[in-house]
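A short worksheet on the structure shown next.
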Amino acid sequence: MILSIDTCLAASSVAILDGDTVRAARSEPMTRGHQERIAVIAREVATEAGVKFAGLTRIAVTVGPGSFTGLRVGLSFAKGLATALSIPCVGVNTLEALAASAPRENGVSGFVAGVLDAKMDQVYLQVFDGGTALMAPDALEVGVAAARLAELWSGGPATLVGSGAPLVAEVLPGATVLTPAFADPVAIARLAAARPVPTHSPRPLYLRAPYAVAPAA
């Protein structure tokens, strides 16, 4: 039984997956305050599912890219809970979580890209075809990301998912553009369920250094 946790984007999200059955799931939209809410939501979702934390076998957590503060909140909570329960903690990157959140045709995902607006004329990008990653997650200038999409796309239906999707959509005519504010926590749990037992704790996925301006002298 898997508990998934996501605080990387504009929500605190939790789901409990029991095999193929979704026992409970909730996403509470927010851009700040994840630290105060995530443990409360996890307890409430577990109660709704009729599950005790001791009955969990795995924790899934998003590791970024996303809010620097948010992803650390989710990681800390997930790793602490996994350690207390002596169960594995599996990291899932936000871009693959967004891609996996896209609707599937006949149960099969086609050409899907997770795209987040990284500001400063950049996006975070990862591209998948049939669930297989065609590239590692990367931070790219918008023009470079559009060129990468055009290079990897072999024709046919395409889906772009995330806040950065509209910034690169022109390069794929007819692509479905979805701009959810956060990933589906059930999709995160399913991705983690398919992973082997990790050999180490998940680490934050920072695709670029935090933007900061030095104070004036």
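Coordinate-derived values only; no laboratory data. These numbers were taken from a predicted model, which means no experiment stands behind them. All Cβ positions, glycine included, derive from the backbone under ideal geometry; neighbour counts span all protein chains shown.
Are there trypsin sites (Lys or Arg not before Pro) in the range 70-125 that DSSP puts in a loop and that have at most 16 other Cβ atoms within 10 Å, and which ones? Don't jump to the answer; show the numbers that get you there.
Numbers: sites: 72, 79, 104, 119; in loops: 104.
Loop-located and lightly packed - 104.
So if each residue of separation counts as 0.36 nm, and I subtract the Cα-Cα distance between residue 54 and residue 144, what length gain in nm does that give?
On the way: separation 90, 0.36 × 90 = 32.40 nm, distance 4.66 nm.
The residue 54-residue 144 span can extend by a further 27.7 nm.
For the range 1-118, rounded, prolate or oblate, judged on the Cα gyration tensor with a ≥ b ≥ c (square roots of eigenvalues), a/c < 1.5 rounded, else prolate if a/b > b/c? Let's see the in-between values first.
On the way: a/c = 1.69, a/b = 1.18, b/c = 1.43.
Oblate shape, in that a/c is at least 1.5 and b/c is the bigger or equal ratio.
Please list the non-local residues whose amide H lies under 5 Å from the amide H of residue 60, H modeled 1.01 Å from N, same-chain partners needing a gap of 5 or more.
3, 4, 5, 90
About its Cα centre, what dipole magnitude does the chain give when the only charges are +1 on Lys and Arg Cβ and -1 on Asp and Glu Cβ, stated in debye to the nearest 20? Display every interim value, and only then the final one.
Details: 16 positive and 17 negative charges, 152 e Å.
Here the chain has a charge dipole of around 740 debye.
For the chain, what is the relative contact order in percent, using Cα pairs closer than 8 Å and at least 6 residues apart in sequence? Spell out each step's value before the answer.
Details: 467 pairs, mean separation 48.3, N = 217.
It rounds to 22 percent for the chain.
Once you order the gyration tensor axes a ≥ b ≥ c over the Cα atoms, which shape class does the range 95-178 get: rounded for a/c under 1.5, otherwise prolate or oblate by comparing a/b with b/c? Spell out each step's value before the answer.
Values: a/c = 1.63, a/b = 1.46, b/c = 1.11.
Since a/c reaches 1.5 and a/b is larger than b/c, the shape of the range 95-178 is classed as prolate.
Once you place label points 7 Å from the Cα toward the Cβ at residue 152 and residue 119, how far apart are they in nm?
The two pseudo-label positions are separated by 2.5 nm.
Name the residue from 188, 172, 140 whose Cα lies farthest towards the positive end of the charge dipole of the range 59-217, charges +1 on Cβ of Lys and Arg and -1 on Cβ of Asp and Glu.
Projecting each Cα onto the dipole axis, the largest value belongs to 188.
So what's the net charge close to residue 140: Lys and Arg +1, Asp and Glu -1, counting the other residues with Cβ under 11 Å from its Cβ? Could the numbers behind the result be given before it?
On the way: positive: 148, 208; negative: 121, 138, 141.
Residues close to residue 140 contribute a combined charge of -1.
Quick check: pseudo-label points 7 Å beyond the Cα along Cα→Cβ at residue 208 and residue 44, how many nm apart are they?
My value for the distance between the label points is 3.5 nm.
Would you list 101, 109, 86, 12 from fewest to most Cβ contacts within 10 Å?
Details: 101 20, 109 17, 86 6, 12 29.
Sorted ascending by nearby Cβ count, the order is 86, 109, 101, 12.
With θ set to phi - 60°, apply the Karplus curve 6.51 cos²θ - 1.76 cosθ + 1.60 along the range 179-187 and write out the HN-Hα couplings as whole Hz, x wherever there is a Gly or Pro.
Each residue's phi maps through the Karplus curve to give 10, x, 7, 7, 7, 6, x, 5, 4 Hz.
Helix-only estimate, please: 222 nm mean residue ellipticity of the chain, summing -39500 (n - 2.57) across DSSP H runs of length 4 or more and dividing by its residues, to the nearest 500. Please report the intermediate quantities before stating the final value.
Numbers: 6 runs with 66 residues, N = 217.
Here the helix-only value at 222 nm equals -9000 deg cm²/dmol.
If every alpha-carbon in the chain counts as one equal scatterer, what log10 I(q)/I(0) does Debye give at q = 0.10 1/Å?
Listed by q, the Debye log ratios stand at -0.43.
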